[in-house]
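The values are calculated or read from the model by the stated rules, or taken from the named source; none is laboratory data. Keep in mind it's a predicted model, so treat the numbers as computed, not measured. Cβ placement follows ideal geometry from the backbone for every residue including glycine, while neighbour counts extend to all protein chains displayed. Heads up: the accessible areas ignore ligands, DNA and RNA and are worked out on the full protein's heavy atoms, side chains in. Shrake-Rupley method; radii C 1.70, N 1.55, O 1.52, S 1.80 Å.
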Amino acid sequence: MAAGQGSRFRGLGHKLTQRLHGDSILAITLGHATATQFPVVIVTTATLAQMVRDASAKSRLVILPDAASPDVLEPGMGTSIAAGVRASAEASGWLILPADMPMIQTATLLAIAAQLPRHPVVFARYRGQRGHPVGFSAALRAELLGLTGDEGARSILLRHAAHGVEIDDPGVLIDIDSAADLARVRGLMLDRPAYSRIG
């Protein structure tokens, strides 16, 4: 998911373009996703489309109108998830990965996906705290396609039992919404060298 406006970020430029050890936040997140060798669908807006193309020419791209466009009645995470599922309706399941979470490791994505054949909803958990990614099995395709607005998949999570997978990856809790978040992540990358490389 790379369709947000990044409005809470007060630094120069869009938050997804900010650099961590030489790569953009977007490129690092995409690197972890593509390293799984799963098909990757990126949902973004027209404003960010070229940046996304530059970061990943091989991924399937879904471009939504920008939030201010009159073509968008209910922009938000729910609309983005539905668009991504619609573009990959043949899939056996989906992992929802926000683009501003570059610390989530490839092994975490694989661990969540591995549980989808047994559970309709799976999420990552670190030291008991619920995080991302969240996975949905193909049994929930119709419900995912019906999502709109900015609530994300909260309504689905209320209707179905979700299985938490304890992961040794604090990145499942770390998103970058502000310049202060970015500074903290840069510090974490210095403290944990494994986070300084993609994979």
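Key figures for this structure:
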| item | result |
| --- | --- |
| The range 64-176 - percent relative contact order, Cα under 8 Å, separation 6 or more | 38 |
| Which of ARG154, ARG127 is most accessible, then next, and so on - probe 1.4 Å | ARG127, ARG154 |
| Solvent-accessible ranking of HIS32, HIS160, largest area first, probe 1.4 Å | HIS160, HIS32 |
| Separation in nanometres of the label points that stand 7 Å from Cα toward Cβ, at GLN50 and ARG159 | 4.1 |
| Cut-off under 5 Å, modelled amide H: who pairs with LEU20 long-range | ILE25 |
| For the range 81-199, alpha-carbon Rg relative to the globular expectation (2.2 N^0.38 Å, N residues) | 1.10 |
| Cα gyration tensor shape for the range 130-185, rounded if a/c is under 1.5, else prolate or oblate | oblate |
| Distant-in-sequence amide H partners of ALA87 (H built 1.01 Å from N, under 5 Å) | none |
| Cα gyration tensor shape for the range 77-142, rounded if a/c is under 1.5, else prolate or oblate | oblate |
| Accessible area (Å², 1.4 Å probe, nearest 10) - SER56 | 20 |
| Exposure rank, largest accessible area first [GLU151, GLU90; 1.4 Å] | GLU90, GLU151 |
| Residues with amide H under 5 Å from that of VAL43, placed H, sequence gap 5 or more | ALA2, VAL62 |
| Point-to-point label distance, ARG184-THR34, nm (Cα→Cβ direction, 7 Å offset) | 2.9 |
